[in-house]
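The values are calculated or read from the model by the stated rules, or taken from the named source; none is laboratory data. From a predicted model like this one, the values you see are computed outputs, not experimental measurements. As a convention, Cβ positions derive from the backbone with ideal geometry for all residues, glycine included, and neighbour counts pool all protein chains shown. Note: areas computed on protein heavy atoms with side chains; ligands, DNA, RNA excluded. Shrake-Rupley method; radii C 1.70, N 1.55, O 1.52, S 1.80 Å.
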Amino acid sequence: MVLLSIAISPEQPHADFQVVAEDDRSLDVSFRVDAESWRADRIVIALEGATLVSTPPEWNCVVSAASADCAPSSGPIDGRIGVSTDSAAAAAYRLSIDATSGGFHIDGDSNGPLGVRGR
């Protein structure tokens with residue numbers, strides 16, 4: 001009798017991450033992982049030329065004027081971050097998410113301008 005053992009390695013799940021800055025007052029954040037079980041561990045927000053006004057209430061954040069380090073709630077991430085631009089100068093954001101699913105580390109990073117003033 002011959003026994004054959006095959007080890008099947010799981011694939012890292014796909015993640016969808018989107019940050020939309022349609023104006024200079026908010027960032028809409030969406031993050032999902034195509035896995036049965038996953039958790040977002042940390043969201044970090046950094047602003048340049050702007051001040052952080054609000055984060056989603058279900059996120060536990062340590063906030064300073066231009067940044068936040070957050071532990072989000074479980075499940076898909078859908079939230080709006082409120083910002084206020086400091087002047088007529090160009091404002092920008094950088095947002096990163098760290099998540100885990102099983103033994104996989106999943107991260108997302110987004111940065112860009114905070115939209116066009118006067119829209």
* Of everything in the range 21-46 that's aliphatic (A, V, I, L, M) and within 11 Å of Leu114 (Cβ to Cβ), which residue is most open to solvent (accessible area, probe 1.4 Å)? -> Ala21
* Got at least one residue in the range 52-66 being touching a Ser or Thr at 6+ places or on another chain (Cβ under 7 Å) and within 23 Å of Gln12 (Cβ to Cβ)? -> no
* Structure fact -> Note on the range 47-102: residues among the small types (Gly, Ala, Ser), open to solvent by less than 30 Å² (accessible area, probe 1.4 Å) and in a strand (DSSP E or B) are Ala50, Ala68, Gly79, Gly82, Ala99, Ser101
